[in-house]
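Here's the structure, in structure tokens; my notes come after.
The values are calculated or read from the model by the stated rules, or taken from the named source; none is laboratory data. Just so you know, these numbers come straight off a predicted model, no measurement behind them. For neighbour counting, all protein chains shown are included, and Cβ atoms are generated from backbone atoms with ideal geometry for every residue, glycine included. SASA here: full protein model, heavy atoms, side chains in, ligands and nucleic acids out. Shrake-Rupley method; radii C 1.70, N 1.55, O 1.52, S 1.80 Å.
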Amino acid sequence: MKSEGALEKILEKGEFAVTGELGPPKGNDVEVIRQKAEYLRGNVDAINVTDNQTSIVRMSSIATCALLVQMRLEPVMQMVTRDRNRIAIQSDIFGATALGIKNILCLSGDHQIFGNQKEAANVFDIDSIQLIQCVKTMRDEGTLLGGEEKIEGKIRLFIGAAANPFADPFEFRVVRLAKKGKAGVDFIQTQCIYDMDRFKEWMRMVRERGLHKRVHILAGVTPLKSGGMARYMAKNVAGITIPDSIIGRMVKAKEPVQEGVKICVEQIEQLRQIEGVHGIHLMAIEWEQRVPEIVKQAGLLPRPTAS
Ligand SMILES: Cc1cc2nc3c(=O)[nH]c(=O)nc-3n(C[C@H](O)[C@H](O)[C@H](O)COP(=O)(O)OP(=O)(O)OC[C@H]3O[C@@H](n4cnc5c(N)ncnc54)[C@H](O)[C@@H]3O)c2cc1C
């Protein structure tokens, strides 16, 4: 085993995995984390903790993950290369694994221009693919990046990364996934999927290259809260495509909350049928309380045991 974590064990057993996203507080209020964590407990196999997503300052992913470990939950520490050079990255990986973190999601990160600290320095010393290589070297070779310095102790991490099947140019998306696979990624979590036809086409290209046999692919889903949210995301969030049929359903719905949950459950049912999809990644942005009913309605409970 690479990590001895529950997520790795469940995926290696061939079970359909469920991960859920938790956004840390914009401050140090631990109660916010506790409350969100309790909505996810028992409903997901591992909890992704975002790293200052959209470049908005929040509690660090490492600290939030360490709190989840204390709560006997399994976190996936998201780490962006936007804010750290390779010294800070490797130092943080030492600390994170010492604190009991077993999964990492390697990301470049949203540009700081989208956030609340637009003047921040843009580090990007290494990119997401180099970060994957770095973690793999630390884990499998027991050395720092560059291969010379031996590490004291053992790094055990299940290595993940993101993929966006909806960004342009479309053909480049699978090439980028292949590069992440070659760098040593174990699992992939995708951007949220609304355009099922395009996702199916992406998965066809993934299977054509045999990538689904080397990397576990977890399909991203985000429940829509309202017609306004659907319209906003379709218009303003780069790399997200929402078909007019879904926007129409949300806009016309008498009970938009229930309609959003229903659409999400339907999407999960469709994703489960696609060859090569090994799980879902539920990103219920600031809506973690809806996770239990979505997972239940999608027939994904009870969650399998890791042992
Ligand atoms: C599941 C998930 C979780 C996320 N969590 C966070 C988070 O916690 N914090 C945060 O800040 N952001 C987060 N993001 C956003 C993400 O980091 C950005 O959307 C990023 O631009 C794309 O993901 P990446 O980091 O893996 O990018 P990468 O695969 O590293 O690519 C970065 C961008 O540059 C483009 N690119 C790279 N190389 C080339 C090239 N040679 N030619 C042309 N284009 C190129 C890619 O296509 C991509 O658009 C998340 C995204 C997803 C899907």
Report task. Compute the separation of the alpha-carbon centres of the stretch 166-184 and the stretch 255-307 and state it in Å as a whole number. Result -> 25 Å
Query - Rounded, prolate or oblate (a/c below 1.5 giving rounded, otherwise prolate when a/b exceeds b/c) for the chain by Cα gyration tensor - result: rounded
**Report entry** Estimated FRET transfer efficiency (D125, A63; beta-carbon r; R0 35 Å; 0.05)
**Finding:** 0.95
Query raised in the report: What angle, in degrees between 0 and 90 and rounded to the nearest 10, separates the Cα long axis of helix 170-183 from the longest principal axis of the Cα atoms of the chain?
Result: 30 degrees
Query - Cβ-defined net charge surrounding N164, 15 Å radius [Lys, Arg +1; Asp, Glu -1] - result: -1
**Report entry** Hz values of 3J(HN,Hα) by residue in the stretch 2-11 - Karplus curve (6.51, -1.76, 1.60), Gly and Pro given as x
**Finding:** 7, 10, 6, x, 5, 4, 4, 4, 5, 5
Report task. Jot down the per residue volume, in cubic angstrom and as a whole number, of the convex hull over the alpha-carbon atoms of the stretch 177-258. Result -> 94 Å³
Report summary line: For the chain, the accessible surface attributable to carbon and sulfur atoms (probe 1.4 angstrom, ligands and nucleic acids excluded) amounts in percent to 49 percent
Query raised in the report: Rounded to the nearest whole Å², what accessible area per residue is found for the chain with the 1.4 Å probe?
Result: 45 Å²
Query raised in the report: Relative contact order (percent) for the stretch 134-242, with alpha-carbon contacts under 8 angstrom and 6 or more residues of separation?
Result: 25 percent
Report task. Tell me which residues come under 5 Å, amide H to amide H, from R82 once H is placed; ignore anything under 5 positions away on its chain. Result -> F124
**Report entry** Value of [θ]222 nm, deg cm²/dmol, for the chain, DSSP H segments ≥ 4, -39500 (n - 2.57) each, nearest 500
**Finding:** -12000 deg cm²/dmol
Query - Contact order relative to length of the stretch 51-132, as percent, for alpha carbon pairs under 8 angstrom and 6 or more apart - result: 40 percent
**Report entry** Fraction of antiparallel bridges per DSSP, the chain only, in percent to nearest 5
**Finding:** 5 percent
Query raised in the report: Which trypsin sites (Lys or Arg not before Pro) in the stretch 52-132 pass both tests, a DSSP loop state and at most 13 other beta-carbon atoms within 10 Å?
Result: R72, K118
Query raised in the report: Do you know the relative contact order of the chain, to the nearest whole percent, from alpha carbon pairs under 8 angstrom that are 6+ apart?
Result: 20 percent
Query - Gyration tensor (Cα) of the stretch 90-131, equivalent ellipsoid semi-axes in angstrom - result: 24, 12, 10
Report summary line: 1/(1 + (r/R0)^6) with r = Cβ-Cβ of R198 and K154, R0 = 51 Å, i.e. FRET efficiency to nearest 0.05, evaluates to 0.80
Requested in this report: Could you pull the accessible area for E4 with a 1.4 Å probe, rounded to 10 Å²?
Outcome: 80 Å²
Requested in this report: Mind giving me the nanometre distance, one decimal, between the label points for N116 and Q258, set 7 Å out from Cα along Cα→Cβ?
Outcome: 3.5 nm
Query - Cubic angstrom per residue, convex hull over Cα atoms of the stretch 237-307 - result: 137 Å³
Query - Helix 227-236 axis, angle to the chain major axis (alpha carbon atoms, nearest 10°) - result: 50 degrees
Report summary line: Note, the stretch 246-260: 3J(HN,Hα) by Karplus (6.51, -1.76, 1.60, θ = phi - 60°), whole Hz, Gly/Pro = x, goes 6, 4, x, 4, 5, 5, 7, 4, 6, 10, x, 4, 5, 5, x
